[in-house]
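**Q** Got a structure for you, written out below as structure tokens; questions coming shortly.
The values are calculated or read from the model by the stated rules, or taken from the named source; none is laboratory data. Remember, it's a predicted structure, so these values are computed and weren't measured experimentally. Cβ placement follows ideal geometry from the backbone for every residue including glycine, while neighbour counts extend to all protein chains displayed. Just so you know, the surface numbers come from the protein's heavy atoms only, side chains and all, with ligands and any DNA or RNA stripped out. Shrake-Rupley method; radii C 1.70, N 1.55, O 1.52, S 1.80 Å.
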Amino acid sequence: MRPIWTLEEARQADQEAVSSGVPYPALLAQAGLQLARFIQARVPEGAVMFLTGPGSNGGDGWVAARHLARRRPVTVIPIAEPRFPGAGDWIAAAKAAGVVVGQNPVSLNGAAVVVDAMYGTGFHGSVMESPAGPWLAALESGGHPVIHVDLPSGVETNTGQYDGPELNTLATLTMGAVKWGLVGYPGAEAAGPIVVADIGLPGHGQASFIDPEWAKRHLPRVPRLGHKYSRGHVVVIGGSRAMPGAPVLAGMAALKAGAGLVELVVPESVLGRVAVVPSLIVHGVPETADGSLQVSDVLSRLAARADALVIGPGLGPTAPTALIEVLAKIPVPAVLDADGIRLYAQAPKAFGANWVLTPHAGEMGVLLGMTSARVNADRRRAVLDAVHATGRTVLLKGMFSIVGSEGGRLMVNSSGSPVLATAGSGDVLSGMTAALLAQGLPPDQALALAVYWHGWAGQIGEREQGLSMTADNLLDYFSPARHALEQEEEPTSVTYWD
Ligand SMILES: NC(=O)C1=CN([C@@H]2O[C@H](COP(=O)(O)OP(=O)(O)OC[C@H]3O[C@@H](n4cnc5c(N)ncnc54)[C@H](OP(=O)(O)O)[C@@H]3O)[C@@H](O)[C@H]2O)[C@@H](O)CC1
Ligand SMILES: Nc1ncnc2c1ncn2[C@@H]1O[C@H](COP(=O)(O)OP(=O)(O)O)[C@@H](O)[C@H]1O
Ligand SMILES: [K+]
């Protein structure tokens, strides 16, 4: 279990530790020691400069400063009067160990690393208007390498909202468990690589990361006596004159993720443009005057044969609402993506059982009646609201994608790469998800495993091809990504330090 905490859950973890007999100063001592060990490991030489705030985030800094002062030059610059429990004693001990107390920004210039211990979970408001503002501006213009304690100062714990500058961040060492602000936007960008320090707090929460061991255990095995029908039959419903390629990407992804048989159902006028891949079976069915899929008996018959459907890749903005109403009556699990989500938003009552939705922030905005900026301002809340509104499993895409399912359970993906932000990469994900549904995984597990596997394919693709990777190249990395899952490799965006 690798939990992700809200502010309330972080406070609850403290209280549980304290009420089980751990004195609060012991937690501060442990956090400060872990911070000192981490700084020593990451930046082994040179002067260390701490910027400390009034609360316990500053306390972590003072404790770490005392440990490091035995080995190397250490300066602490308090940006506000210390008020954390036991401050007088901890500060006296740090000074006795040789910590120098500085006062001005000039002293930053000699630092091999600056430690941001100004604000953590107790922060609220605008950081640029707080006493930390001028220091963040100095760090931005000086380009000093920075390690953040718990959270970058100014990042809101539950959402990731942040109005400070981008710094030269080496890492964020966070105490006990990752906070939602570190996987929210733009907090995730400000945090850089996240490292979790074990300080002996209890490790549970409502949300968790998708775990490498969990992913390995849920990968479908290929039965030795299987045949193509027993491996799962996926039908992709989509395509339009402007977007004939999207269903092909989804279909190929479904095959490569282990479906035994994949059929594409597209408007008849685009049939010639999708019938290019020999492994895919394609059907042209009746279309509207502008070349979008139309409701027809043949479409319903083809859809009803599937073990899982993908509805939406390349469907286009003019497909009729009646299409979703007809498909909702077919008792087959389905992935709704792209214009499939728009159709759902127009006809919410049409929602079929075992359907999953895979919106990016813009499509989530369509579902919830808000802008994508508002979705991204509190991604956790958006997923909870969408699950509540639909009663179904929902994925909010993007870095640190979130899978939400009934009961408010949330899973966050830590695999992935910015090269996935390329046209068609969502179609690949929808096909992969359908293949896992067709192989018998329940919706939340199919989605979590698909997003984790897809992220690994992106990571390996980035390593092999750099930034020029496209969505069709992504298909080439399913196999090495599956191998990474089988080896329980750890994504690098979040690591655990003990
Ligand atoms: N909990 C644990 O188990 C452990 C916690 N640990 C560490 O403690 C951190 C949490 O400590 P914390 O609660 O003291 O909060 P922290 O962020 O240091 O600062 C709060 C202070 O900042 C002030 N302030 C806020 N916003 C402001 C603004 N805009 N402008 C000006 N001032 C502002 C605020 O003022 P107030 O709101 O009270 O007026 C208050 O004085 C946590 O992140 C982790 O690093 C570890 O030691 C180990 C165990
Ligand atoms: N910066 C990023 N880091 C990690 N994954 C990303 C990033 N940007 C996009 N992705 C992933 O790439 C995919 C993009 O899907 P989507 O936005 O639907 O693209 P399209 O509609 O063009 O296929 C999603 O799985 C998303 O999570
Ligand atoms: K901090």
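**Q** Taking GLY239 as the residue in question, decide whether it is in contact with a His (Cβ under 7 Å, 6 or more places away or on another chain) and outside the structural domain of TYR24 (by TED's automatic domain parsing).
**A** no
**Q** Now for a different question. So which of ALA481, ALA421 ends up being open to solvent by less than 20 Å² (accessible area, probe 1.4 Å) and not assigned by TED's automatic domain parsing to the domain that holds ASP150?
**A** ALA481
**Q** Let me ask you something else. Can you name the residue in the range 67-87 that is farther than 20 Å from PHE38 by Cβ and among the charged types (D, E, K, R) and, of all such residues, is least open to solvent (accessible area, probe 1.4 Å)?
**A** GLU81
**Q** Follow-up. If I filter the range 411-433 for residues that are assigned to a loop (DSSP other than H, G, I, E, B) and more than 20 Å from the chain's Cα centre (by Cα), do I get at least one hit?
**A** No, the range 411-433 contains no residue that is assigned to a loop (DSSP other than H, G, I, E, B) and more than 20 Å from the chain's Cα centre (by Cα).
**Q** Buried (at least 16 other Cβ atoms within 10 Å of the Cβ), of a type in the set (Ser, Thr, Tyr) and either in the same structural domain as GLY61 (by TED's automatic domain parsing) or under 21 Å from PHE400 (Cβ atoms) (or both), is that true of SER141?
**A** no
**Q** If you don't mind, there's one more thing I want to ask. Any idea which of PRO23, PRO73, PRO44, PRO85 is away from ligand 3 (no atom under 14 Å from the Cβ), touching a Ser or Thr at 6+ places or on another chain (Cβ under 8 Å) and more than 21 Å from GLY133 (Cβ to Cβ)?
**A** PRO85
**Q** Report whether or not TYR185 is closer than 30 Å to LEU343 by Cβ and within 16 Å of ligand 2 (Cβ to nearest atom).
**A** yes
**Q** Which residue pairs have Cβ atoms closer than 6 Å, lie 6 or more positions apart in sequence or on different chains, and pair a first residue in the range 189-204 that is of a type outside the set (Lys, Arg) with a second residue that is part of a loop (DSSP other than H, G, I, E, B)?
**A** Pairs that qualify, where the first residue is of a type outside the set (Lys, Arg) and the partner is part of a loop (DSSP other than H, G, I, E, B), are ALA190/PRO152; ALA190/VAL155; ALA190/TYR162; ALA191/PRO152; ASP198/ASP498; ILE199/GLY176; LEU201/GLY176; GLY203/MET1.
**Q** Any chance the range 42-60 includes a residue that's within 16 Å of LEU173 (Cβ to Cβ), open to solvent by 20 Å² or more (accessible area, probe 1.4 Å) and over 29 Å from the mean Cα position of the chain (by Cα)?
**A** Yes, the conditions are met somewhere in the range 42-60.
**Q** Which members of the range 296-322 meet the condition of being within 23 Å of PRO443 (Cβ to Cβ), free of Cβ contacts under 8 Å to residues at least 60 places away in the same chain and of a type in the set (A, V, I, L, M)?
**A** Within the range 296-322, ALA304 is the sole residue that qualifies.
**Q** Identify all residues within the range 127-158 that are in a loop (DSSP other than H, G, I, E, B) and within 15 Å of ligand 1 (Cβ to nearest atom); write none if there are none.
**A** Result: SER130, PRO131, ALA132, ASP150, LEU151, PRO152, SER153, GLY154, VAL155, GLU156, THR157, ASN158.
**Q** Scan the range 445-462 and give yes if some residue there is open to solvent by 50 Å² or more (accessible area, probe 1.4 Å) and assigned to a loop (DSSP other than H, G, I, E, B), otherwise no.
**A** The answer is no, given that none of the residues of the range 445-462 is open to solvent by 50 Å² or more (accessible area, probe 1.4 Å) and assigned to a loop (DSSP other than H, G, I, E, B).
**Q** Quickly run through the range 168-226 and pick out the residues that are in a loop (DSSP other than H, G, I, E, B), open to solvent by 10 Å² or more (accessible area, probe 1.4 Å) and within 16 Å of ligand 3 (Cβ to nearest atom).
**A** GLY176, PRO186, GLY192, PRO193, ILE199, listed by residue number.
**Q** Can you give me the number of residues within the range 227-244 that are of a type in the set (Gly, Ala, Ser) and crowded, with 19+ Cβ neighbours inside 10 Å?
**A** Qualifying residue count, the range 227-244: 4.
**Q** Can you tell me which residue within the range 88-107, out of those that are surrounded by fewer than 19 Cβ atoms within 10 Å (Cβ to Cβ) and hydrophobic (A, V, I, L, M, F, W, C), is farthest from ligand 1 (Cβ to nearest atom)?
**A** VAL106
**Q** Under the condition of being farther than 18 Å from ASP116 by Cβ and crowded, with 17+ Cβ neighbours inside 10 Å, which residue from the range 20-32 is farthest from ligand 1 (Cβ to nearest atom)?
**A** ALA29
**Q** With (1) surrounded by 15 or more Cβ atoms within 10 Å (Cβ to Cβ); (2) of a type outside the set (Val, Ile, Thr); (3) within 15 Å of ligand 3 (Cβ to nearest atom) as the list, and ALA112 as the residue in question, which single condition is left unmet?
**A** It fails just one condition, (3).
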